[in-house]
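Below is one structure, written out as structure tokens; the observations come after it.
Just so you know, all these numbers are worked out from the coordinates, no wet-lab data involved. Keep in mind that this is a model prediction, so the values were computed, not measured. Glycine gets a Cβ as well: all are built from the backbone with ideal geometry, and neighbour counts include every protein chain shown.
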Amino acid sequence: MKRRDFVSTATTGALGLSVLGSGALHASIPRHLGRPNADFSGWLWIGRRPEKSPADWQALFTRLRGAGFKGILVGGAFDPAMADAAHSAGLEYHRWMWILNRAGDTWARENHPEWFTVSRNGDSTLDVPPYVNYYRWVCPSRGPVRQYLRGVIDEAAAQPGLDGIHLDYIRYCDVILPRGLWDRYDLVQDRELPEFDFCYCEECREQFGRLTGRDPLEADDPPSDPDWARFRWDSVTRVVTDLSEVTHARGLSISAAVFATPSLARKLVRQAWDEWPVDRLFPMLYHPAYDQDIPWIGRSVEEGIRALQGTNTELSAGLYLPALAPEELAEAIRLSRAAGAAGFSLFDINPMTDDHIAAVEATMRELSPKPLQPAG
């Protein structure tokens, strides 16, 4: 394949997705399965931060709050001044963190090369990262990895002024990219190719062997083995459970950016997110990557809401701003609310225009049964 960056930089984690078509999505669901519409609110991902003074941040956050936003999901190091500006405007500040993709973790790379996932053909992502150079993943089945990540999140959650932790790259590497990207990367992925199928490290194989008496590498077709699929879903879920425990112990909320629907997430990145003990999920409903139209956003929200029925986890629709004109953004928000979402999130701050904010504000006023909350 040709190695090209399929996202702009390593800071835009919520864009690091690969997805297929929608498949058989559910029909309309009863409205009572969704969250109370009175609490419907907006969020904003902030990855690569534009240069702004504290006064500029304060002005932007005040406007967002007035438009119906609840919080911001901020990548990179914690910024106390930015958090103060958000809080002054009445917004929550959540830290957006990469979890199982540890490309930027020099300590882990230098001290624990054995932690990194191994493909079905025997290559470690530390040495042979798939797709792009920053795809270097640690194995969620390893106890020391989970303990290390607990420490990373516990240290982050101890920061005064933080309202929550937002998890990203909490999954395996994409085993299949969306059909629309095959030509771009000179790939044909009509099946699970061994170089993109993870993880087959010694620890994974030994743990699976203790559970089943089988070695996944000896199966005729490992991708078709339901026990092997469940093993990997559960490995990621254990990491989420650990991180949720330490975050909640600090008195903070925890959320995650996830693939569009439970069925797609399970198939493409071994992510059973409807089983996770988190407070809020942000499915990345980036419709161009799925070669879908805007109504698909509502159908995908419906599938997620159905899967979460009976849990306390909220779902907010992740919307891809570069592909949404202001009037299309308004339509996507209406569809998300009608499908039962607790809100929406915009990816991300850099393509957001004044017209986008105005469209959000007008739509939220149209939909809200009560006046929007003033800033401060």
Condition check: out of contact with any strand residue (DSSP E or B) (no Cβ under 7 Å at 6 or more places or on another chain), surrounded by fewer than 22 Cβ atoms within 10 Å (Cβ to Cβ) and in a helix (DSSP H, G or I). Does residue 220 satisfy that?
no
Is there a residue in segment 252-264 that is part of a helix (DSSP H, G or I) and over 19 Å from the mean Cα position of the chain (by Cα)?
no
Show the residue pairs that are 6+ apart or on different chains and have beta-carbon atoms under 6 Å apart, the first residue being within segment 48-66 and more than 17 Å from residue 96 (Cβ to Cβ), the second being in a helix (DSSP H, G or I).
54/81; 54/85; 58/85; 62/89; 65/89
Of the residues in segment 269-278, those that are crowded, with 24+ Cβ neighbours inside 10 Å and part of a helix (DSSP H, G or I) come to 269, 273
If residue 69 passes every condition in (1) surrounded by fewer than 21 Cβ atoms within 10 Å (Cβ to Cβ); (2) within 22 Å of the chain's Cα centre (by Cα) but one, which one does it miss?
(1)
Pairs needed: first member in segment 318-336, under 17 Å from residue 260 (Cβ atoms); second member anywhere, small (Gly, Ala, Ser); C-beta distance under 6 Å; at least 6 residues apart or different chains.
318/345; 319/332; 335/298; 336/317
Where a residue in segment 268-288 is among the acidic types (Asp, Glu) and its partner, wherever it lies, is in a strand (DSSP E or B) and crowded, with 24+ Cβ neighbours inside 10 Å, with Cβ under 8 Å and at least six apart
279/254; 279/255
Which of (1) closer than 23 Å to residue 339 by Cβ; (2) in contact with a strand residue (DSSP E or B) (Cβ under 6 Å, 6 or more places away or on another chain) does residue 247 not meet, given it meets every other one?
(1)
